[in-house]
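Visitor: Have a look at the structure that comes next, please.
Read-outs throughout are calculated quantities, based only on the coordinates presented, and are distinct from any laboratory measurement. This structure is a prediction, so every number in the text was calculated from the model and none was measured. Don't worry about glycine lacking a Cβ; one is built from the backbone with ideal geometry, like all the others, and counts go over all protein chains shown.
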Amino acid sequence: MNRRHLPTLTAMQCFEAAARHLSFTRAADELSLTQSAVSKQVAQLEAILEHPLFRRVRRRLQVTPEGSLYLTEVRKVLAQVEMSTRYMQSYGGESEVLNVTTLPTFGARWLVPRLNGFRLRYPGVYLNIGIRTQPFDLEQERVDAAFFYGRGVWPKAECIHMLDEEMVAVCAPSLVPTGGFDDPLALTQQVLLQSDSRPEAWHAWFADQRLYTQHSYHGPRFDTFEMLLRAARVGCGVALVPRVLAAEELDQGLLVQAWPHALASRDAYYLAYPEHKGEVAKVRGFLDWMCEHRDRPTLGPVQAPAPTDA
């Protein structure tokens, strides 16, 4: 479609307001326009779409099936425009946005605690952190830094090793029999909670101990480690998870390690950034901060650090 034939935001606003109020008059009042102006905008929108958006039934306005479908998309567009506008309005002229992506549970449990204090050292940098679980192009997506799990390779990017990983079997204390489990295979008497991103995990954990069970792939499957850990906490079964992601529950006794063996993962967690952005001030500052804090969580109040040139 030629861009000149795309609808305007005004037209979409008029349509959304009219659909919400089921009245051109009330939509006009809300938007500080005349009733005829709203009607004209909606008519232009219908002409572009080649579908009727409203119909009148007994002098009452109704949204057509086509209008309902389009209304859902229009509301998404308007919400995104509003969010982006408010996002930019919230920053001063000297501010810079740093776009970072991370894996969901890793981001919540490992990354976020280590961000405490970053704002004090770099007051002109605003973090925008998103979740990504699949590979993507850093340049095309305009991402400045990305945490990922793998072999430390990302196309057209430099990668910094953050931490290795080992998988441990954890469960609620109530599931552990008196005296503990007799051997690793005794865990199969409980439900083995499965990770959607690591379907081979239980098989590898048993195989690393030269054991085999036909139950290693059986059990409810969860999309994120956050859900897996939550399921383990409430007693749904035994979960095989990265120790670093279960550290808080293990320290607090909400979860216990069901068996001592830990499976060392071949992959690790890395921080990737575009090759040409390594010396960009905001990116370099973030890289330095993460390298400084990767081995020690920053929890609780943080004092303002000394001025830095980074």
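Visitor: Restricting the count to DSSP beta bridges whose residues both fall in the chain, what percent are antiparallel, rounded to a multiple of 5?
Guide: Antiparallel bridges: around 65 percent, rounded to the nearest 5.
Visitor: For a quick check: with amide H placed at 1.01 Å from N, whose amide H comes under 5 Å from ILE160's, ignoring anything fewer than 5 positions away on the same chain?
Guide: Under 5 Å from the amide H of ILE160 lie the amide H atoms of LEU271, ALA272, each far enough along the sequence or on another chain.
Visitor: Can you pull out the trypsin sites (Lys or Arg not before Pro) in region 30-88 that DSSP calls coil and that have at most 12 other Cβ atoms within 10 Å?
Guide: ARG58, ARG59
Visitor: Right, next: Hey, which lysines would be in cross-link range of LYS40, C-alpha to C-alpha under 28 Å, not counting anything within fewer than 8 residues on its own chain?
Guide: LYS76
Visitor: Can you tell me the FRET efficiency between GLU275 and LEU254 if r is taken as the Cβ-Cβ distance and R0 is 35 Å, rounded to the nearest 0.05?
Guide: Result of the calculation: an efficiency of 0.25.
Visitor: Are there chymotrypsin sites (Phe, Trp or Tyr not before Pro) in region 9-98 that DSSP marks as loop and that have at most 15 other Cβ atoms within 10 Å, and which are they?
Guide: TYR91
Visitor: Using the basic label-point model (7 angstrom from Cα toward the beta carbon), what is the GLU50 to GLU158 distance in nanometres?
Guide: 5.2 nm
Visitor: Mind ordering 149-155, 228-234 by average Cβ neighbours within 10 Å, highest first?
Guide: Per-residue mean Cβ counts within 10 Å order the peptides as 228-234, 149-155.
Visitor: If you don't mind, there's one more thing I want to ask. According to a simple spin-label model (label point 7 Å from Cα along Cα-to-Cβ), what is the distance in nm between CYS291 and VAL244?
Guide: 1.7 nm
Visitor: Here's a follow-up. Projected onto the charge dipole of region 96-144 (+1 at Lys/Arg Cβ, -1 at Asp/Glu Cβ, origin at the Cα centre), which of ALA108, THR133, VAL97 gives the Cα projection farthest towards the positive end?
Guide: So the residue furthest toward the plus end is ALA108.
Visitor: Still on this structure, I have one more. If packing is taken as the average number of other Cβ atoms within 10 Å across a peptide's residues, how do 100-111, 241-252 rank, most packed first?
Guide: Descending packing order for the listed peptides: 100-111, 241-252.
Visitor: Something else: Given a 10 angstrom Cα cut-off, can you work out which residue in LEU192, LEU240, LEU33 is the most mobile in a GNM of the chain?
Guide: LEU33
Visitor: For the pair VAL112 and ASP182, what calculated FRET efficiency results from E = 1/(1 + (r/R0)^6), where r is the Cβ-Cβ distance and R0 = 51 Å, to the nearest 0.05?
Guide: With R0 = 51 Å, the Cβ-Cβ based efficiency is 0.85.
Visitor: Answer with a single label: of [x] 49; [y] 66; [z] 60, which was calculated as percent of Cα pairs over 24 Å apart from the structure in view?
Guide: Correct label, based on the coordinates given: [y].
Visitor: Helix 281-293 sits at what angle to the longest principal axis of the chain, using alpha carbons and giving 0 to 90 degrees rounded to 10?
Guide: 30 degrees
Visitor: Which aspartates and glutamates, on any chain, are close to LYS282 with Cα under 18 Å apart, when same-chain ones fewer than 8 places away are left out?
Guide: GLU94, GLU96, GLU139, GLU141, ASP144, GLU158, GLU292, ASP309
Visitor: Do any chymotrypsin sites (Phe, Trp or Tyr not before Pro) in region 160-243 lie in a DSSP loop with no more than 12 other beta carbon atoms within 10 Å, and if so, which?
Guide: TYR212
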